[in-house]
Amino acid sequence: MSVFRLEIEYEGTRYSGWQEQKNARTVAGELRRAAEETSGSAVELGGAGRTDAGVHALGQVAHLKSRAKLRPDGLAERLNDLLPPDIHVRSLASAPERFHARHDAVSRSYLYQISRRRTALAKRFVWWVKRPLDEGAMARGAEILVGRHDFAAFAEKPEAQSSTVVVVERCELAAEDDLVLFRIVASHFLWKMVRRTVGALVELGAGALAERDIARLVAGGAAPALRPAEWTAPPSGLYLERVLYRGDRPLGALRAAVPVR
């Protein structure tokens, strides 16, 4: 059995997310096609996170397992030759036979990019917010999210989850040129949780919400007047930044994936 750990970057604009689907073009589907053409046989493929349609990745991690005898030398290059230009295998290395990209991950970090100006060149990679934003208020709201909270109010179909409690390890904001950057780190995330968190923080920054409203939203019983689903940020600004495993280097400074100057 040949087992590999892959780190992949992709622009999600043209894809219906990472996860393979019938009758839909997905990132994992393209990667499987390239891997099976390279190996000449069926492969097992799994990713660390199921990014939604239109969401990008700077460091998605996947495991690739094949019964064919494959060597890591040059394998990433052969896969990239077969992949479309908006998907790229950044690194590939042999891994233990039991390695599983999702189960072995310790935490995941997501980056969101909010543009403070209209941009012709980077609109696929940001959310342009026309309203003036109080970044200080947004940063204070982000601090409220750190810790163990019930994110049911931020989840799509929370009733389908075994638990809506998430432990957020880190949550931060930074400014870079015309961007407001947001990073959130946790062991796992609920469906649409990050985009609705960003939407709520933008409402806070625009003065439509108060910090106490953010606290109420993660208290597990928000008032009906607070509707995060209506504030869902678009997928264009969202990136799976990194997937971390035991022994990995820690996250660095918060920086833009696609700058807007």
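Any read-out appearing in this document is the output of simple, stated calculations on the displayed coordinates, not a laboratory observation. What you see is a predicted model, and the numbers here were worked out from it, not measured in a lab. Backbone-built Cβ (ideal geometry, glycine too); neighbour counts: all protein chains shown.
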Task: Charge dipole magnitude, Cβ of K and R +1, D and E -1 - region 2-94, Cα centre, debye nearest 20 - done: 340 debye
Open item on the list: Quick check on my link table: of LYS22/LYS157; LYS65/LYS192; LYS22/LYS65; LYS22/LYS69; LYS65/LYS157, which ones sit more than 24 Å apart, alpha carbon to alpha carbon?
Closed with: LYS65/LYS192; LYS22/LYS69; LYS65/LYS157
TODO: Collect residues whose amide H, placed 1.01 Å from N in the peptide plane, falls under 5 Å from the amide H of ARG242; neighbours closer than 5 in sequence don't count.
DONE: SER109
Open item on the list: Which three numbers, in whole Å and largest first, are the semi-axes of the equivalent ellipsoid of region 2-94 derived from its Cα gyration tensor as √(5λ)?
Closed with: 20, 13, 12
Open item on the list: I'd like to know which of HIS149, GLY40, CYS171 lies farthest towards the positive end of the charge dipole of the chain, counting +1 on Cβ of Lys and Arg and -1 on Cβ of Asp and Glu.
Closed with: GLY40
Open item on the list: Let's test the formula: R0 of 22 Å, r as the Cβ-Cβ distance of ARG14 and TRP191. What FRET efficiency results, to the nearest 0.05?
Closed with: 0.55
- [ ] Might you report the magnitude of the Cβ-based charge dipole of region 107-244 about its Cα centre, with Lys and Arg at +1 and Asp and Glu at -1, to the nearest 20 debye?
- [x] 380 debye
TODO: Please report LEU254, LEU201 as a ranked list, fewest other C-beta atoms within 10 angstrom at the top and most at the bottom.
DONE: LEU254, LEU201
Open item on the list: Expected output is a single nm value to one decimal: the length gained when fully extending between ARG170 and ALA68, i.e. 0.36 nm times separation in residues minus the C-alpha distance. What is it?
Closed with: 32.6 nm
Open item on the list: Test of understanding: what is the full-extension gain from ARG212 to ALA24, defined as 0.36 nm times their sequence separation minus their Cα-Cα distance?
Closed with: 63.6 nm
TODO: Please report, in debye to the nearest 20, how large the charge dipole of the chain is about its Cα centre when each Lys and Arg carries +1 at its beta carbon and each Asp and Glu carries -1 there.
DONE: 200 debye
Open item on the list: Can you compute the equivalent ellipsoid semi-axes for the chain, i.e. the square root of 5 times each eigenvalue of the Cα gyration tensor, sorted largest first and rounded to whole Å?
Closed with: 34, 20, 16
Task: region 107-244: Rg to Rh, with Rh as the Kirkwood radius over Cα pairs - done: 0.94
TODO: Taking the Cβ of GLY12 as the centre, find all other residues whose Cβ is under 12 Å away and add up their charges (Lys, Arg: +1; Asp, Glu: -1).
DONE: -1
